[in-house]
Amino acid sequence: MKPRFPKAVLLTAICLFLLGFAGTALAHWHHHHHHRAPELDPTLVGSGLAVLGGSVLLLIERYRRRR
Amino acid sequence: MTIARGAAEKNCLTEEPISVAPRGERQLVPKARAEYTAFGMASRMISLAPKSPWLVRWVLSSLLLLAGLFFSSMPVSRFFCWAEVPLHNDVLYLPFPTRFFLAAVIATTMTAALFLDWGTFREEARRIVTESTTSGAGWAVWLLLYVLAVAGLSRLVDPISRNGIVTASHVLSATILTLSAVATWCLAAMPARFWLRWAGRNPWLFPTVAAIGVLAYVVGAHYAPLVAGTLATLTDSLERSVLWMSFFGLRLFTKDVIFEPEHNLIGTHNFSVDIDRPCAGWEGIGLFCTLFGTYLWFYRRELRFPHVLALLPIGAVVLWYLNIIRIVALILLGNWSASIAIQGFHSVAGWLFFNAATLALVATSRRMRAFAKTDPSSGTSIHSNPASPFLVPLIAIILTAMIARMFFYDFDVLYPLRVLVGGGALWFYWRRISLRWRPSWAPVVLGVLAFVAWSILRRGPDAGGINASISAGLGSLSPGEAATWIMFRVAGAVMIAPIAEELAFRGYIIRKLVSAEFETVVPGRFTWVSFLGSSILFGALHAQWLAGTAVGMIFAFALYRRGSIADAMVSHGVANGVLAAQVLATRQWFLWG
């Protein structure tokens, strides 16, 4: 199998960038959490991510290729 | 009975368990009545446990790798110290990594290797597993050597990082020990021929990965302090821009504006807010980039690159604007009711705006030909979408709860609305769900077991505070209204929530984690990934994540027993019912919190 380098490097760069960005965001998140920020209440975080995740899944299913 | 995969195109929710194992996954669908018992199920699950020596080898190696990385990343006094390397007539000072950096570099290198060539890695791993069994104790010896290398590295690096200056011999020893730890771990996890074959198929891989590791080290060692300083400057400017834009936005609605940029203060004479650094929108933008980037990665074959990458900065800008709108709306709302603005709107509006923006960008990536490889017009409608009956009821319930929380944050007087919305969604999709349940005591027993597990693992939040707010809330209602509220609360807990949550987690997610075409997967098909993944996600939905994960496993067990999602719903309803009885008997309202 021929290595598909340009795309792989591009995606790796994106992922590393995102990991870095996620680290920054999580550091802020952590800082905020320890100050009892109301928007980071665990119930609200769970609800927010569940609504987003569920809605994105609905969209993905809508456009999914079917055999 | 075995059927071809293609024959199971329709929704398999209500079908009897059918033995379908197209890709070698093992199935937990009982074939004999004896296996319907809890003991039979437990035996069968245990039989799926790591019999394979490969699994034992990988689990042990992974755990020790994680332990090594965790131990290596324990905080030390500084990121790096200076290594004193003698030259002919001079001394060269080089940055020398402390434990923190070694772990980061190794983790980066391994992640890069998997991202770069996951396909070959997977193929070679399967090949090794199919052509041989793992040999006796050879790998355990390598694992022991890895542990010794990590221990030696730790003893060597930690003391010298405190002194600040190390000698060339230390650098050499640390380098040898680091390489030894990496090499011995690789040989412990997989045989040498796996690594040789992988390197042979992709000769550029390991040099590239090594280069990425070195780059990560150089960037981290030399630019981390620089980046940390620059980041503060960047967040400051973002904070300033949000502050000024909020000021201009507020001026559009009112002349009564207080604005003190030197104190980050903005508002009106009635209500003003302090825009702190976290309020400047970093978290939302960072979370969006992370989640949207993950989406791009998973669906990269259906999206056009690099066009779709344009949506990342677009999303960041959209979220920045939405944050300004949120702040302006917060101040305007605060003029009317400070408590609703601070405790309700401030918490929930950010999530609603964030979800709306992210969802709109995901939809854009699917609907516009510039971004999507698939035909945008081929999408199904919301009514014919196979996932709608499973996901829409739960989404509707949670969304109603979030909106209600904006206005009633202490006591959710609008809880009946949540029940009506959820019930309406279930009624709308009921014909497509068409559940059939054959009576059995086992789901009831599992439900009681789930209640016990929840009670043991639950970690109480502010019990007194929740009790006081719900008691005060009920006290503010007339007796008839309070009784109606309690009736709806019990109906929601015992009927609506169990059906909606089980449809989402045991009807959709647990099958989606088996196959992308979830509707072709029969209920009760067991894989470890789907069992653990759906249970952990179920736990994450609840504030009590550990208790939630445990009861999620029990409800999954109820599903696997007969391949019937109705059993999982009954177990869930029974668990919530017993909890509701406890709440009503003891007036411990916080248990509903």
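The values are calculated or read from the model by the stated rules, or taken from the named source; none is laboratory data. None of these values were measured; they are calculated from a predicted model. Here Cβ is always computed from backbone atoms with ideal geometry, including for glycine, and neighbour counts include all displayed protein chains.
I'd like to know if segment B:430-443 contains one or more residues that are within 29 Å of the chain's Cα centre (by Cα), surrounded by 15 or more Cβ atoms within 10 Å (Cβ to Cβ) and modelled with pLDDT of 90 or more. The answer is yes; a qualifying residue exists. Looking across segment B:490-505 at every residue that is farther than 15 Å from residue B:581 by Cα and not acidic (Asp, Glu), the one that is nearest to the other protein chains (Cβ to nearest Cβ) is identified as B:504. Of the residues in segment B:268-281, none is β-branched (Val, Ile, Thr), away from chain A (no Cβ under 11 Å) and part of a helix (DSSP H, G or I).
Of all the listed residues (B:311, B:250, B:243), the sole one being under 24 Å from the mean Cα position of the chain (by Cα), modelled with pLDDT of 85 or more and among the aliphatic types (A, V, I, L, M) is B:311. Residue pairs whose Cβ atoms lie under 6 Å apart, separated by 6 or more positions or on different chains, with the first residue in segment B:431-452 and closer than 17 Å to residue B:502 by Cα and of a type in the set (Val, Ile, Thr) and the second modelled with pLDDT of 90 or more and crowded, with 17+ Cβ neighbours inside 10 Å, are B:433/B:389; B:444/B:574.
Against the test of being modelled with pLDDT of 90 or more, surrounded by fewer than 18 Cβ atoms within 10 Å (Cβ to Cβ) and more than 9 Å from every other protein chain (Cβ to nearest Cβ), the options B:325, B:340, B:331 yield a single qualifying residue, B:325.
When the strands (runs of 3 or more DSSP E) confined to segment B:77-169 are screened for residues that are within 26 Å of residue B:211 (Cα to Cα) and at pLDDT below 60, those reaching at least 2 such residues are found at B:80-86, B:91-97. Taking the criterion of being modelled with pLDDT of 90 or more and more than 7 Å from chain A (Cβ to nearest Cβ), the residues of segment B:381-402 that qualify are B:389, B:390, B:392, B:393, B:396, B:397, B:400.
For segment B:434-448, state whether one or more residues are within 14 Å of another protein chain (Cβ to nearest Cβ) and charged (D, E, K, R). No: zero hits.
With respect to the conditions (1) touching a residue at least 12 places away in the same chain (Cβ under 8 Å); (2) more than 14 Å from every other protein chain (Cβ to nearest Cβ), residue B:487 lacks only one, and its number is (1). If you check residue B:542 against the conditions, is it within 14 Å of another protein chain (Cβ to nearest Cβ) and either buried (at least 19 other Cβ atoms within 10 Å of the Cβ) or in contact (Cβ under 8 Å) with a residue 12 or more places away in the chain (or both)? Taking the combined requirement at face value, the residue satisfies it. The residues of segment B:289-319 that are buried (at least 18 other Cβ atoms within 10 Å of the Cβ) and either aromatic (Phe, Trp, Tyr) or at positive phi (or both), listed by number, are B:292, B:295, B:299. Of all residues being out of contact with any Phe, Trp or Tyr (no Cβ under 9 Å at 6 or more places or on another chain) and outside any helix (DSSP H, G or I) in segment B:561-593, which is surrounded by the fewest Cβ atoms within 10 Å (Cβ to Cβ)? Just the residue, please. So, considering only residues that are out of contact with any Phe, Trp or Tyr (no Cβ under 9 Å at 6 or more places or on another chain) and outside any helix (DSSP H, G or I), the one surrounded by the fewest Cβ atoms within 10 Å (Cβ to Cβ) is B:587.
The set of residues in segment B:518-560 that are aromatic (Phe, Trp, Tyr) and within 13 Å of residue B:457 (Cβ to Cβ) contains only B:545.
The set of residues in segment B:506-539 being assigned to a helix (DSSP H, G or I), more than 14 Å from chain A (Cβ to nearest Cβ) and in contact with a helix residue (DSSP H, G or I) (Cβ under 9 Å, 6 or more places away or on another chain) consists of B:506, B:530, B:531, B:532, B:535. The residues on offer are B:426, B:391, B:417, and the sole one that is touching a residue at least 40 places away in the same chain (Cβ under 8 Å) and more than 25 Å from the chain's Cα centre (by Cα) is B:426. Could you check segment B:195-216 and list, in sequence order, the residues that are surrounded by 16 or more Cβ atoms within 10 Å (Cβ to Cβ) and under 14 Å from residue B:111 (Cβ atoms)? Result: B:205, B:208, B:209, B:212, B:213, B:216.
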